[in-house]
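**Student:** Take this structure first; my questions come after.
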Amino acid sequence: MADDRTLGEALAQRGISRRSFLKFCATMTSLLALPPGMAEVMAETLARTRRQSVIWLSFQECTGCTESLTRSHSPTLEGLMFEAISLDYHHTLQAAAGTAAEAAREQAMKDNYGKYIVIVDGSIPLNAGGAYSTIAGRTNLDMLKETAAGAAAIVSVGTCAAFGGLPHANPNPTGAVAVSDIIKDKPIVNVSGCPPIPVVITGVVAYFLTLGTLPELDSLGRPKVFFGDSIHDRCYRRPFYDQGKFAKTFDDEGARNGWCLYELGCKGPVTHNACATTKWNGGVSFPIESGHPCLGCSEPNFWDAGSFYQSLPTPTTSVKGAAVAAVVAGAAVGAAVGAASRRRKSKAAKARTPVTVDDLK
Amino acid sequence: MNGLDAIGIRIETGAPGEDSGYALAILREIESLLGELITSGRAGRIDLRSLPLLPGDEARLAAALGEGEVDADIQAMGTTRVRETAVPGVWWVTHANADGQTVAELIEIALVPEILKTHPEDARAGLNTLQERIADLIRGGDTNG
């Protein structure tokens, strides 16, 4: 049955105050780099709208993206996003199962045709006629095309849906592809990451609900506000990179002093994401801060980009003279190293070898 | 000898204690917004988390603005602290979630920050609540009387 309540009515019935919601909107406005005055506009707009119908399709995925969004130690402001939407179909979260679940999806599509948001996690297999992943006897490909037809917008959550992810890695036995490889006639936003930071997912949905459009996207379809900077350019360990102080092993003096993890394989220079600023687990930390190099998980083909523990090319061996001379301008070096590293990543993808124990030593 | 050597360059080290100049820049923006509040009544806001502040900048800003008469805590899915600075009309608003982590930090230039105000619809709902409570009290009085 369709939920006709406005978001404001739904919140009031849950005992969530208007001030709590205004605080949520102030947080979202800040994260989305919108003008601070937009918080009240967002709150007033969302409070008066009917709850947005969202259909979440889970295809060839590990459920990590849903786990990222739903794990919390206590009720969080981000959890309010679930109040703003009517999550009409989601394998992990819905109470219905079997034919009742599929009927819920079809009813939501019919009641909200042209207006619902589709969120997809997982890649879509094409080999063997799509038989590698089916739901209710239907291939993922078939279900995606049918559901996308009436969607207002599609959010590809996670690197699998955005770029193919792990199933797409060489030799790609299932013929896995991204959502954007199949759907060409709908606005698609890629929220990549393995998994993505949860507040990035909620931020995109909040932006769409308030302004009715998707935020500005980069060349890979990712929201620039979260994916505009590389990890390297916002990393708190950057001063150590600039001073040439690197950890050589995971337990040496450099590692204990929190030095740069470049020589341990950090892919920060070629990775765009919000990890270094927004961080994880409610802003507690992110991989580099916890002592592990960035894997580059929000980029296409990161599984085929060479060992996670082999360092990217160093400026003295792979970067042209002009860039070396600009070493005091860390950003310029970062960009030059990034370009050299992307060439090497591309070569590595062609000669992918499995990680061995020796790589970890 | 390269002619560029004659150009004086100050390398920014960002060491704690060094004044980056950001605090003064923000104060100038607050000055402009406060002037606009006075002449047009239009409130303004500065999102401190959107600015690339260096260590010490926030403390310098807080010291320059000082502390005023109002210090309010709002309990709404975590504590939001609203403090008027020593400059009337300039408020420091810190939003924290239920785990006590700061999720947003703003300087608001307004007669009263939005989050402190009661929304008209909440006041209407509040009137209904009050009328029910009055009715309950009267009913309770009739039973005892």
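The values are calculated or read from the model by the stated rules, or taken from the named source; none is laboratory data. This is a predicted model, so every value here is computed, not measured. Don't worry about glycine lacking a Cβ; one is built from the backbone with ideal geometry, like all the others, and counts go over all protein chains shown. Just so you know, the surface numbers come from the protein's heavy atoms only, side chains and all, with ligands and any DNA or RNA stripped out. Shrake-Rupley method; radii C 1.70, N 1.55, O 1.52, S 1.80 Å.
**Student:** Quick one: order B:Arg124, B:Arg83 from most to least accessible surface, probe 1.4 Å.
**Tutor:** The ranking, largest first, comes out as B:Arg124, B:Arg83.
**Student:** Could you report the buried accessible area between B and A, both sides summed, computed with a 1.4 Å probe and given in Å² to the nearest 100?
**Tutor:** 2000 Å²
**Student:** Under a point spin-label approximation (7 Å from Cα along Cα-to-Cβ), what is the A:Arg14-A:Ile182 distance to one decimal in nm?
**Tutor:** Those two pseudo-labels are separated by 3.0 nm.
**Student:** Return the inverse of the average 1/r over all pairs of distinct C-alpha atoms in the range A:231-304, which is the Kirkwood hydrodynamic radius, in Å to one decimal.
**Tutor:** 12.4 Å is the Kirkwood radius here.
**Student:** Rounded to the nearest 0.05, what FRET efficiency do A:Thr70 and B:Ile134 give with R0 = 56 Å and r taken as the Cβ-Cβ distance? Could you check?
**Tutor:** After rounding, the FRET efficiency stands at 0.85.
**Student:** Assuming a viscosity of 0.890 mPa s and a temperature of 25 °C, what translational diffusion coefficient in µm² per second does Stokes-Einstein assign to the range B:12-112, Rh being the Kirkwood radius over Cα pairs?
**Tutor:** Rounded to a whole number, D works out at 171 µm²/s.
**Student:** Still on this model: Which Cα, out of A:Ser17, A:Ser156, A:Thr174, lies furthest along the positive dipole direction of the range A:7-227 (beta carbon charges, K/R +1, D/E -1)?
**Tutor:** The one lying farthest along the dipole's positive direction is A:Ser17.
**Student:** Under 14 Å from the 7 Å Cα→Cβ point of B:Arg42, by amide nitrogen: which residues of the range A:18-55?
**Tutor:** Under 14 Å, as judged by backbone N against the label point of B:Arg42, lie A:36-38 of the range A:18-55.
**Student:** Below 26 Å Cα-Cα, how many Lys pairs turn up in the range A:7-227? Only count pairs eight or more apart in sequence, or on different chains, if you could.
**Tutor:** 12
**Student:** Same structure again: Size of the dipole of the range A:214-260 about the Cα centre, Lys and Arg at +1 and Asp and Glu at -1 on the beta carbon, nothing else charged, in debye to 20?
**Tutor:** 60 debye
**Student:** Stretch A:Phe82-A:Thr213 to full length: gain in nm at 0.36 nm per residue minus the Cα-Cα span?
**Tutor:** Contour length minus Cα-Cα distance gives 45.2 nm.
**Student:** Let me ask something else about it. Solvent-accessible area per residue for the range A:7-227 at a 1.4 Å probe radius, Å²?
**Tutor:** Counting only protein heavy atoms, the per-residue value for the range A:7-227 is 39 Å².
**Student:** Compute the FRET efficiency between B:Asp122 and A:Ala95 as 1/(1 + (r/R0)^6), taking r as their Cβ-Cβ distance and R0 = 30 Å, and round to the nearest 0.05.
**Tutor:** For R0 = 30 Å, the calculated efficiency reads 0.40.
**Student:** Within the range B:103-145, what residues put their amide N at less than 20 Å from the label point 7 Å along the Cα-to-Cβ vector of A:Thr45?
**Tutor:** Hits in the range B:103-145 for A:Thr45 at 20 Å: B:114-115.
**Student:** Report the percentage of all Cα-Cα pairs in the range A:7-227 whose separation exceeds 29 Å, rounded to a whole percent.
**Tutor:** That tail contains 23 percent of the Cα-Cα pairs.
**Student:** When we measure straight from the Cα of A:Lys279, which aspartates and glutamates land under 13 angstrom away, once same-chain ones fewer than 8 places off are left out?
**Tutor:** Straight-line reach from A:Lys279, under 13 Å: A:Glu289.
**Student:** Which residues of the range A:3-30 end up with at least 30 Å² less accessible area in the presence of all protein chains than when their chain stands alone, using a 1.4 Å probe?
**Tutor:** With the partner chains in place, the range A:3-30 has these residues losing at least 30 Å²: A:Arg18, A:Arg19, A:Ser20, A:Leu22, A:Lys23, A:Ala26, A:Thr27, A:Ser30.
**Student:** Something else now. Determine, from the Cβ-Cβ distance of A:Leu220 and B:Asp73 and an R0 of 35 Å, the FRET efficiency 1/(1 + (r/R0)^6), rounded to the nearest 0.05.
**Tutor:** Here the calculated transfer efficiency is 0.20.
**Student:** If you place +1 on the Cβ of every Lys and Arg and -1 on the Cβ of every Asp and Glu, how big does the dipole about the Cα centre of the range B:12-112 come out, in debye to the nearest 20?
**Tutor:** Roughly 240 debye, rounded to the nearest 20.
**Student:** Using a loss threshold of 40 Å², tell me which positions in the range B:69-86 are less accessible in the complex than in their chain alone. Probe radius 1.4 Å, ligands and nucleic acids ignored.
**Tutor:** Checking the loss per residue gives B:Ala76, B:Met77.
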